[in-house]
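Take a look at the structure below.
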Amino acid sequence: MKERKISFGVRISEDLVKELDKIVDESEYLDVSRSEVVEAILLAYFKSNVDHEKRARELIIRKRKGKL
């Protein structure tokens with residue numbers, strides 16, 4: 001049985017869109033979409049063995065300070 005999917009909108013910088021599109025273009029043989037790439041990245045992140053709340057907080061702070 002397929003897992004139920006929920007759609008939601010996100011806003012990301014143009015630089016991230018360019019990087020995302022690069023991955024999509026380089027993965028043409030997989031016929032992959034932006035959404036599928038983002039989902040795979042999120043899945044890998046949440047399946048990793050880290051404190052996700054702490055890591056997300058660190059990344060947000062670094063981004064806001066322009067260090068990311």
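Just so you know, all these numbers are worked out from the coordinates, no wet-lab data involved. Every value quoted in this text rests on a predicted model; they were computed, and no experiment measured them. Cβ placement follows ideal geometry from the backbone for every residue including glycine, while neighbour counts extend to all protein chains displayed.
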> Just going by the charge dipole of the range 15-59, with Lys and Arg at +1 and Asp and Glu at -1 on Cβ, which of Leu42, Ala56, Ile23 is farthest out on the positive end?
Replying inline: Ala56
> Taking only DSSP H segments of four or more residues, each worth -39500 (n - 2.57), what value at 222 nm results for the chain once the sum is divided by all its residues, to the nearest 500 deg cm²/dmol?
Replying inline: -19000 deg cm²/dmol
>> With a 10 Å cut-off between alpha carbons and a GNM built on the chain, which of Glu58, Glu39, Glu26 moves the most?
In response: Glu58
> If all Cα-Cα distances of the chain are sorted into 5 Å bins from 0 onward, what percent lands in each bin, rounded to whole numbers?
Replying inline: 3, 12, 17, 22, 24, 14, 6, 1, 0
>> Test of understanding: in a Gaussian network model of the chain with alpha carbons linked when under 10 Å, which of Ile12, Ile41, Ile23 would top the mean-square fluctuation ranking?
In response: Ile12
> Within the chain, how many lysine pairs that are 8 or more places apart, or on different chains, have C-alpha atoms less than 28 Å apart?
Replying inline: 20
